[in-house]
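> Submitted below is the structure of interest, expressed as structure tokens.
The values are calculated or read from the model by the stated rules, or taken from the named source; none is laboratory data. Since this is a predicted model, take the numbers as computed values, not measurements. Don't worry about glycine lacking a Cβ; one is built from the backbone with ideal geometry, like all the others, and counts go over all protein chains shown.
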Amino acid sequence: MSIILSIETSTKNCSVSLSKQGETLVLKEDYNINYSHAELLHVFIDDVLKTANIKKTEIDAIAVSKGPGSYTGLRIGVSAAKGLCYALDKPLISVSTLHALARQLDTQEGVIVPMLDARRMEVYSAIYDYEFNLIRKIEAQILDELSFKEELNNGKVFFIGNGTEKTKALLSHDNAVYIDNKLPSSNEMSALAYNKYIIGDTEDVAYFEPFYLKDFIALKPKKA
């Protein structure tokens, strides 16, 4: 038996799930317009455990969405996951944020492009086939009118994530399908984390860091 607690904080969605054998038992999340992870994350962790009637000591592993995404959000999620791993002496599993996002789609054709909004006309994106095999690695990609031209000319391209809005403004193509109002969720992490758990694919808790993809840049405060 494997009970895994999954944490997703890479975007504005603060999401926690508890799964057994790769199947989600309880899911708690909040698509808040403001980042509220610091206030909600540990409350959500306690809530899913209480709802499932499972003690922290009964958890077999902790999974965390590793990025890319919000620098602050990822720091909060990874710090919480590592703290639980230390306290409970449990293994840490990292799950690709974009892979989990892609798995919100169920299609038998084309390719899937999970994308998260970055700065200006930039997105964090990857390309998967409809069986979720990675066919183009994760990149910090600056969008223009020629982005995904080859994929769009070859068949359906399903865009999903909060990077779709800026993509719509540039790419108008019969093969472009935009899946709106979707953010990464810990729900899809359940199966991915379980697959890693059964083969012992875990992280070094002491040295694990989120996959930021880009260096953090602090914005200057606006003048009053």
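> Output yes when any residue across the stretch 90-97 is at pLDDT below 95, among the charged types (D, E, K, R) and over 14 Å from the mean Cα position of the chain (by Cα), and no when none is.
No; the residues of the stretch 90-97 include none that is at pLDDT below 95, among the charged types (D, E, K, R) and over 14 Å from the mean Cα position of the chain (by Cα).
> Just the residues that are of a type in the set (Asp, Glu) and more than 20 Å from the chain's Cα centre (by Cα), please, taken from the stretch 141-166.
Asp144, Glu145, Glu150, Glu151
> Only one residue in Val123, Val205, Val157 is of a type outside the set (Lys, Arg), buried (at least 17 other Cβ atoms within 10 Å of the Cβ) and touching a Cys at 6+ places or on another chain (Cβ under 8 Å), so which one is that?
Val205
> Determine, yes or no, whether Leu183 is touching a strand residue (DSSP E or B) at 6+ places or on another chain (Cβ under 7 Å), surrounded by 11 or more Cβ atoms within 10 Å (Cβ to Cβ) and on the phi > 0 side of the Ramachandran plot.
no
> Collect the residues in the stretch 142-153 that are surrounded by 12 or more Cβ atoms within 10 Å (Cβ to Cβ) and either closer than 13 Å to Asp129 by Cα or not aromatic (Phe, Trp, Tyr) (or both), keeping them in residue-number order.
Ile142, Leu143, Ser147, Lys149, Glu151, Leu152
> Right, next: Which pairs do you get when a residue that is within 18 Å of His99 (Cβ to Cβ) and not assigned by TED's automatic domain parsing to the domain that holds Ala118, found in the stretch 1-29, comes within reach of a residue that is of a type in the set (Phe, Trp, Tyr) and assigned to a strand (DSSP E or B), reach meaning Cβ atoms under 8 angstrom, with the pair 6+ apart or on two chains?
Asn13/Tyr31
> Would you mind finding the one in Leu27, Leu41 that is out of contact with any Asp or Glu (no Cβ under 7 Å at 6 or more places or on another chain), in a strand (DSSP E or B) and farther than 17 Å from Asn162 by Cα?
Exactly one of Leu27, Leu41 is out of contact with any Asp or Glu (no Cβ under 7 Å at 6 or more places or on another chain), in a strand (DSSP E or B) and farther than 17 Å from Asn162 by Cα, namely Leu27.
> Working carefully through the options Tyr197, Tyr207, find the one that is without any contact (Cβ under 8 Å) to a residue 24 or more places away in the chain and closer than 25 Å to Lys82 by Cβ.
Of Tyr197, Tyr207, the one residue that is without any contact (Cβ under 8 Å) to a residue 24 or more places away in the chain and closer than 25 Å to Lys82 by Cβ is Tyr207.
> Another question about this same structure. What residue, of Ala218, Ala169, Ala224, is more than 15 Å from the chain's Cα centre (by Cα), assigned by TED's automatic domain parsing to the domain that holds Arg119, at pLDDT below 95 and surrounded by fewer than 12 Cβ atoms within 10 Å (Cβ to Cβ)?
None of the other options fit; the residue is Ala169.
> Among the residues of the stretch 94-110, which ones are polar (S, T, N, Q) and more than 11 Å from Tyr130 (Cβ to Cβ)?
Ser94, Ser96, Thr97, Gln104
> A follow-up question, please. Look through the stretch 19-40, keep the residues that are surrounded by fewer than 18 Cβ atoms within 10 Å (Cβ to Cβ) and among the hydroxyl-bearing types (Ser, Thr, Tyr), and return whichever of them is nearest to Ala52 (Cα to Cα).
Tyr31
> When you go through (1) in a helix (DSSP H, G or I); (2) over 24 Å from Val123 (Cα atoms) one by one for Val16, which number turns out not to apply?
(1)
> Inside the stretch 85-105, can you point out the residues that are assigned to a helix (DSSP H, G or I), touching a helix residue (DSSP H, G or I) at 6+ places or on another chain (Cβ under 9 Å) and crowded, with 22+ Cβ neighbours inside 10 Å?
Once the filter is applied, which keeps residues that are assigned to a helix (DSSP H, G or I), touching a helix residue (DSSP H, G or I) at 6+ places or on another chain (Cβ under 9 Å) and crowded, with 22+ Cβ neighbours inside 10 Å, the stretch 85-105 yields Thr97, Ala100.
Results for (1) closer than 26 Å to Asn162 by Cα; (2) in the same structural domain as Leu18 (by TED's automatic domain parsing); (3) loosely packed, with under 14 Cβ neighbours inside 10 Å; (4) not basic (Lys, Arg), shown as yes or no for each residue.
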| site | (1), (2), (3), (4) |
| --- | --- |
| Ile45 | yes, yes, no, yes |
| Leu49 | no, yes, no, yes |
| Lys55 | no, yes, yes, no |
| Ser65 | yes, yes, no, yes |
| Gly77 | yes, yes, no, yes |
